[in-house]
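Quick notes on the structure that follows.
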Amino acid sequence: MRFYITTPIYYPNSEPHIGTAYTTIACDVISRFYKQKNYDVFFLTGTDENSNKIIESANKVNKKPIEYVNEMAELFKNIWKNLDIEYTKFIRTTEDYHIKTAQFVFQKLYEQGYIYKGLYEGWYCIHCETFWTTSKVDDSKLCPNIECRRPLNYIKEENYFFKLSAFEDKLLKYYEDNPDFVYPDYRFNEVVSFVKSGLQDLSVSRKYNNWGIRVPFDQDYSIYVWIDALTNYISALGYPFELDLFDKYWEVSHHMVGKDIIRFHAVIWPAILMALNIKLPKKIIAHGWLMYDNQKISKSKGGDIFNLKEIALSNDKIKISALRYYLLREGSFGQDIPVSLERFKYIYTSELSNNIGNLFSRVLAIIEKKLNKYVFKESDFSYIQNSFINERLSNFDKELSNFNYSKAVLEILNLADYLNKIIENYKVWEIKDKNLNQIMYELVYSLVVLNKMLYPFMPFIANNILEQLNLPLESLKWDYTIPDSFNIKERKILFPKIENVLA
Ligand SMILES: [Zn+2]
């Protein structure tokens, strides 16, 4: 069984921030989860380097564009590594193999009549590299993009267009036949009504400006970044020159995207693939925005609260683990998620430190002090209900398979609560006879299950637990047979007090 998951490729004209990390962590959690289930997983991320904005950003710091993107790509890789992101491949759209694929795609679309040269007349924002329809432009003649608002230019120029309008019926038919194509369903409904309202042909070239990928048959133009960027999902798999990976993974492809770029992925990209006669991706998953003070979080809005670069480069693994957990345990995946430092502290203390951390520490302390670090299975389970544990695990599996991250986390918390109650109800710390061994065995057995569920969210913590329980890496696998005895090792605190974490 196979699984292919992608993040969007990120613009390297600014450093990765907490919002970028949210998408990437969400993919990493899913990727690790499928690996636990012995899937053959391909996880792709990378940088989208051909935009003209790169020239501006490079100029500002007196660098050549290529030097600038080289450095930024390294920064992205470094930050992902420190956030425990375990990608399979990091693609950069300035790499040769990608350029060849993008040009191949453009050429093929042209030869088949899906790309044609036409005259464009209207409003254009140089900064956003975007053409705006008259209906979107108000009297101010400023760029309608609220994050831009620069003056627009009225231009009249020849350009290449993609015949998006030709795909309206085919797309609608596809949506109808594939009701799971976009997750969540309310985003799918938006996509369907957008297509129903009518599709316009899309400008897919820009005047060549010494940066970007040239149109193969017309050196005066470069391929517009969107068509170039979208092809990364297939160029990374070798399409069309080396098809081994492509044949292996494409049919199980999942694109994780922010809700703001859903149309590119659920409308334009499928139309391009249809034109190329390539099967459509299996699923597009759209997440909401992280919100700070009711606004989309960005470097200037709330970015200082969760300064990603600082957190990542500090390599403080507890804080990083907690951040991974916090971002995905909140809200309902797909919706906007309000975040704040107060809430982070609260979740850290109540769920990680007092619930999960405390549970591990209580169990291991008793085994260390009273059982000489050793427990073994003496009889059938008589304290803990195995069916309860199995149900948590299978619910967790179901929820995460459906990208319901926060519901999956609830199963973790449910299990931890249950085990803490077992300790309380049986007053385990008072047991002095031989019953102590069996109940402690059952508790450690349950902790191994709990640890499997913690792993995709907090791999560092899960590995730390493995060490303490003296278990192999295979114990994180879904099909691992839990041993009949445990010889535990040195106990360590999993989640120190929040003051020490934030200090
Ligand atoms: Zn603009």
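Could you tell me whether region 414-503 comes out rounded, prolate or oblate from its Cα gyration tensor? Rule is a ≥ b ≥ c as square roots of the eigenvalues, rounded for a/c under 1.5, then prolate if a/b exceeds b/c, otherwise oblate.
Verdict is oblate for region 414-503.
Could you tell me whether region 178-289 comes out rounded, prolate or oblate from its Cα gyration tensor? Rule is a ≥ b ≥ c as square roots of the eigenvalues, rounded for a/c under 1.5, then prolate if a/b exceeds b/c, otherwise oblate.
Oblate, since a/c reaches 1.5 and b/c is not below a/b.
Taking a 22 Å limit on the Cα-Cα distance, which of the listed pairs Lys317/Lys373; Lys173/Lys196; Lys317/Lys398; Lys117/Lys207; Lys64/Lys141 fall beyond it?
Violating the 22 Å Cα-Cα cut-off are Lys317/Lys373; Lys317/Lys398; Lys64/Lys141.
Rounding to the nearest 20 debye, state how big the charge dipole of region 361-503 is about its Cα centre with +1 on each Lys and Arg Cβ and -1 on each Asp and Glu Cβ.
Result for region 361-503 is approximately 380 debye, rounded to the nearest 20.
With everything on Cα atoms, drop me the angle between helix 96-111 and the longest principal axis of the chain, reported from 0 to 90° to the nearest 10.
Helix 96-111 and the main axis of the chain meet at about 50 degrees.
Among Ile99, Leu152, Ser353, flag the residue with its Cα farthest along the positive direction of the charge dipole of the chain, charges on Cβ as +1 for Lys/Arg and -1 for Asp/Glu.
Final value for the positive-end residue is Ser353.
Given Cα pairs under 8 Å that are at least 6 residues apart, what percent is the relative contact order of region 1-88? It would help to have the intermediate numbers written out before the result.
Numbers: 96 pairs, mean separation 34.6, N = 88.
This gives 39 percent for region 1-88.
Roughly how many percent of the accessible protein surface of the chain is carbon and sulfur, given a 1.4 Å probe and a whole-percent answer?
Ligands and nucleic acids excluded, carbon and sulfur give 47 percent.
Using just the helices of the chain, give the 222 nm mean residue ellipticity in deg cm²/dmol: DSSP H runs with n ≥ 4 each add -39,500 (n - 2.57), and the total is spread over all residues, rounded to 500.
-13500 deg cm²/dmol
In square angstrom, what is the accessible area per residue of region 340-502 with a 1.4 angstrom probe?
Each residue of region 340-502 exposes 46 Å² on average to a 1.4 Å probe.
Once you order the gyration tensor axes a ≥ b ≥ c over the Cα atoms, which shape class does the chain get: rounded for a/c under 1.5, otherwise prolate or oblate by comparing a/b with b/c?
Taking the square roots of the gyration eigenvalues as a ≥ b ≥ c, the chain is prolate.
Quickly rank 95-101, 17-23, 112-118 as a protection proxy: mean count of other C-beta atoms within 10 Å, highest first.
Per-residue mean Cβ counts within 10 Å order the peptides as 17-23, 95-101, 112-118.
Hey, what angle do you get for helix 358-370 against the long axis of the chain, alpha-carbon based, 0 to 90 degrees rounded to 10?
30 degrees
Using a probe radius of 1.4 Å on heavy atoms only, what accessible surface per residue do you get for region 200-332? Whole Å² is fine.
Working: 5070 Å² over 133 residues.
Per-residue accessible area for region 200-332 comes out at 38 Å².
Report, in degrees rounded to the nearest 10, the 0 to 90 angle that the Cα long axis of helix 18-36 makes with the longest principal axis of the chain.
60 degrees
The values are calculated or read from the model by the stated rules, or taken from the named source; none is laboratory data. Quick caveat, the model's predicted, so the values are computed rather than measured. All Cβ positions, glycine included, derive from the backbone under ideal geometry; neighbour counts span all protein chains shown. Quick note on the areas: whole protein, heavy atoms, side chains included, nothing else; ligands and nucleic acids left out. Shrake-Rupley method; radii C 1.70, N 1.55, O 1.52, S 1.80 Å.
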